[in-house]
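Take a look at the structure below.
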Protein chains: 4
Amino acid sequence: MTELAKHTWKSKIHEVIYEADTPAGKIFDVILLIIILLSVVLVMLESVAGMQIKYGDYFYISEWIITIFFTIEYILRVISIKKASAYVFSFYGLIDFISTIPLYLSFFIVGTNALLTIRALRLLRVFRILKITRYIGEGNKLTKALKDSRPKILVFLFAVMILSVIAGTLMYIVEGPEHGFNSIPVSVYWCIVTLTTVGFGDIAPVTALGQFIAMIIMVLGYGIIAVPTGIVSAEMAKKEPGALPEHKLHINTQVCHNCGARKHQDSAKYCHNCGNSLHYE
Amino acid sequence: MTELAKHTWKSKIHEVIYEADTPAGKIFDVILLIIILLSVVLVMLESVAGMQIKYGDYFYISEWIITIFFTIEYILRVISIKKASAYVFSFYGLIDFISTIPLYLSFFIVGTNALLTIRALRLLRVFRILKITRYIGEGNKLTKALKDSRPKILVFLFAVMILSVIAGTLMYIVEGPEHGFNSIPVSVYWCIVTLTTVGFGDIAPVTALGQFIAMIIMVLGYGIIAVPTGIVSAEMAKKEPGALPEHKLHINTQVCHNCGARKHQDSAKYCHNCGNSLHYE
Amino acid sequence: MTELAKHTWKSKIHEVIYEADTPAGKIFDVILLIIILLSVVLVMLESVAGMQIKYGDYFYISEWIITIFFTIEYILRVISIKKASAYVFSFYGLIDFISTIPLYLSFFIVGTNALLTIRALRLLRVFRILKITRYIGEGNKLTKALKDSRPKILVFLFAVMILSVIAGTLMYIVEGPEHGFNSIPVSVYWCIVTLTTVGFGDIAPVTALGQFIAMIIMVLGYGIIAVPTGIVSAEMAKKEPGALPEHKLHINTQVCHNCGARKHQDSAKYCHNCGNSLHYE
Amino acid sequence: MTELAKHTWKSKIHEVIYEADTPAGKIFDVILLIIILLSVVLVMLESVAGMQIKYGDYFYISEWIITIFFTIEYILRVISIKKASAYVFSFYGLIDFISTIPLYLSFFIVGTNALLTIRALRLLRVFRILKITRYIGEGNKLTKALKDSRPKILVFLFAVMILSVIAGTLMYIVEGPEHGFNSIPVSVYWCIVTLTTVGFGDIAPVTALGQFIAMIIMVLGYGIIAVPTGIVSAEMAKKEPGALPEHKLHINTQVCHNCGARKHQDSAKYCHNCGNSLHYE
């Protein structure tokens, strides 16, 4: 294989794996999406006692197939990018790595429970695939509204926390361990269960004073639920006067071969991040 | 009966059954509405053990009367429209058909439980009747706001799902089957119960770590409930600059004899869908 | 007592009882407010088993004092207005009458339970007193926003009802009486408990399919909670372009002697409802 | 020590303790924040039965260290301000005092439970420290929106209260003590648990009529949750036309030596409250 042939070969893999503008790239993304979802369904079914006994062998084989597919994909991703380290240590690079290793780790670690969570993390890979679809615009708008209202929401959450600790201590003294309020941390947990209007009912006030305080906490929770909603609503309704409709620029799914940067415009010739040409030369 | 007389006769039935602009049409709609509601109340009462024993015979007779009424109505609907297939395979045509058959099916199928749901589906017929009343404008506005914010809500629900699966797996490992978290699907169910602030309390975390994670999930759920609300609020507050106040056009309740299309303006002479004359010639 | 003296005497009572612009009128309103609240607290304390045994006699005497006060007040209200029937059959006239009679009724009716609710209805009298304070403007704005969004909210509630009946029937078939879903009405009750995110947990799905349907119902409930909020938010944020700032007109607390109409402007000389002079001649 | 040296010494302490513009002032604030949070974590851990037995001695020593630190800080605060009484009787002055004394009080009071709440109140001190950081602007905006919508929220809460009392009385009569609705106050508690969509499930209606009323209460609660949210959303979205962007004025963390007033602008030379020079002369 000449240097040029190898170049073209790597360039093609790059286009299929990293981008979604060609038919091959789209098909690859759909297959990857299905395998990821299958692998998570597998994790869920394995945890059902009856299932594991009946179909345990099939689950084990499927996990092997998925792991091999992910291993090959990971290797291809590393070799088809110029600067491998930029990919390996990126957020999605780490998620891809973590998605691949659980089965290999199981040879060394005996307790498989911790590996379950790692396998569930595979679901995060879905975001990368969705990032390059038509929902990108909506997702961006949501993320932006949330980011803009973050300081307000933090202040709000902080106030909720302080309220919970003080009210929790009060409830611990009023109700005490004999009514399920075993310690202040448990009372704070109950307080948050109540303030957020979840209300499990595993712990509930029994004394008249406790029920009275609970009523105040609930009405407060009911009143302040309006605050974050108001924040986000106001943020979303806000029109930024001079803002360009950013999501209407046609952004394609190219990924820089050099640094892995995304969100290049259709007309872009060079990476907006590192200045490298976007054509795989 | 001459061809002309038959024509007039069919035309009259069409007006009474499909439209609501004449007194006869209005009376028919009101009667139909009452019978539909009665039939659903019947289904509900039948399921109450004590009721079924006492009044079982009356229930059976009433169901027969309703079925006969629906059968006659269905036949009239089919024969009074020119293109029967357009009605039969439309959404409401199928609902009408499904509403009619449960009793007939009960001769062939022994388990009556599945038929109960089919009978409850009769309630969907109510929407058609209401569609032709003064609530149509408000309903349209609501539907429009929901439709416009659908991509945002989908992105949001998708993020909720992924969060639930990952948090559910974590809770399954932390709490385990001994505290009611029997499997990952059950843990995911608990997670959604908690995130949506429903909080049944049939399953509740017992360990300190489990309660701590639950607190984070609840505060997250409390925070993100703001997102869909903000989306819909912003969507409803939005005024489309050049939009014509569509619901102020006077729309009558005529239905095209040919294709079954609705929402004709008062001044319309031809169907906006198939071009057929709206006068039954 | 001459006819004139009687006139002046009745006019004074009218001013004290019906209006709040003079010091005497204000004092009367405050006393009335306290007695109403006391009478409701009395009803609540009576229902506590331990309290009734200990302080039963005091409760009985207090109820007599309150009843006598209300009786005198009711008689004065009737005689100090020109057209007594306009007051007696008005909403607040009926509430005043109902507030007065429970003790008298207890001589005829043995079961006192039904009388408790009647006594709790006394609380509705509070609204009249508050109507004439500085909160009137805010209350009006709230009432207006709710009234304007009523058709939208009705359409929304109607959709929720239909959804609950269909989902309730489905849950009844899936879970059945052995898991607490005893009948379709109970299942519909559970459905509304779930959709509104209340989640008592007295009934909870046990089967896998039931939990799956429950998840869909909860996420739906979570999603559609945004709708009424969005409706009211949009309604409140809406500025009516040509609207006069109605609540900034200075409205005093005078009540027409003839027809009982309220909300007269400071400059008004004649009742805006019946044209009678507002001066008690 | 000359009078001047003493002056400079007090001036320096004032700058470190009360302000945060110098590096020393910032470090002091961070240390204080950590100690406050530690002291609250201590209170929470002490209440856990297992912890108290194992680490009781360490907890006791830590509490002594924190108390001594707070005592020194409180004395310095008093002596470094010119008008000590202005500080001592201010809100934060009282909180500082209350934060210091629990351990001293424990020599006189035997029951330590009441002291726990006092120790939890230390958390309120956090607000002072945060007041002088970058979140001040966001916090102000939130507080303002809440303050502006207070009359509306009060009217709303008042309506909720009256509804709860009437519905609670009704539920007490319908369900009665045999189904957990022991008295009217307990029924009102249940009503608020339901209206706020918390739904503990410790008490739940059992009779058909009770469940029917509960359904109405829940749907009402679901509908009216929109009201406070709408209020706050509208308030936050509102742009006050002529308002100056108040939080963009650069406000530093200086505190008047004379009266303790805060929020001085960078260019300010004299206290906006008492007219005293801001330079410690």
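The values are calculated or read from the model by the stated rules, or taken from the named source; none is laboratory data. What you see is a predicted model, and the numbers here were worked out from it, not measured in a lab. For neighbour counting, all protein chains shown are included, and Cβ atoms are generated from backbone atoms with ideal geometry for every residue, glycine included.
Observations on the model:
- Residues that are in a helix (DSSP H, G or I) and either in contact (Cβ under 8 Å) with a residue 60 or more places away in the chain or touching a Phe, Trp or Tyr at 6+ places or on another chain (Cβ under 9 Å) (or both), drawn from the range A:75-94: A:L76, A:R77, A:V78, A:I79, A:A86, A:Y87, A:V88, A:Y92, A:G93
- Within the range A:169-194, the set of residues being among the aliphatic types (A, V, I, L, M) and either more than 8 Å from every other protein chain (Cβ to nearest Cβ) or touching a strand residue (DSSP E or B) at 6+ places or on another chain (Cβ under 9 Å) (or both) comprises A:M171, A:V174.
- Test: residue in the range C:223-230 that is in a helix (DSSP H, G or I) and either modelled with pLDDT of 90 or more or more than 7 Å from chain B (Cβ to nearest Cβ) (or both): yes
- For the range B:204-212, the criterion of being surrounded by fewer than 23 Cβ atoms within 10 Å (Cβ to Cβ), modelled with pLDDT of 70 or more, of a type in the set (F, W, Y) and not in a loop (DSSP other than H, G, I, E, B) is satisfied by at least one residue.
- Hey, A:I217 out of contact with any strand residue (DSSP E or B) (no Cβ under 9 Å at 6 or more places or on another chain), farther than 24 Å from D:G50 by Cβ and in a helix (DSSP H, G or I) or not: yes
- Residue in the range A:39-57 that is loosely packed, with under 15 Cβ neighbours inside 10 Å, assigned to a helix (DSSP H, G or I) and in contact (Cβ under 8 Å) with a residue 60 or more places away in the chain present: no
- Among the candidates C:A84, C:A20, C:A24, C:A49, residue that is under 22 Å from D:I184 (Cα atoms) and either in contact with a strand residue (DSSP E or B) (Cβ under 8 Å, 6 or more places away or on another chain) or among the small types (G, A, S) (or both): C:A49
- Scoring D:D21 on the criteria (1) outside any helix (DSSP H, G or I); (2) free of Cβ contacts under 8 Å to residues at least 12 places away in the same chain; (3) of a type in the set (D, E) leaves a single failure, condition (2).
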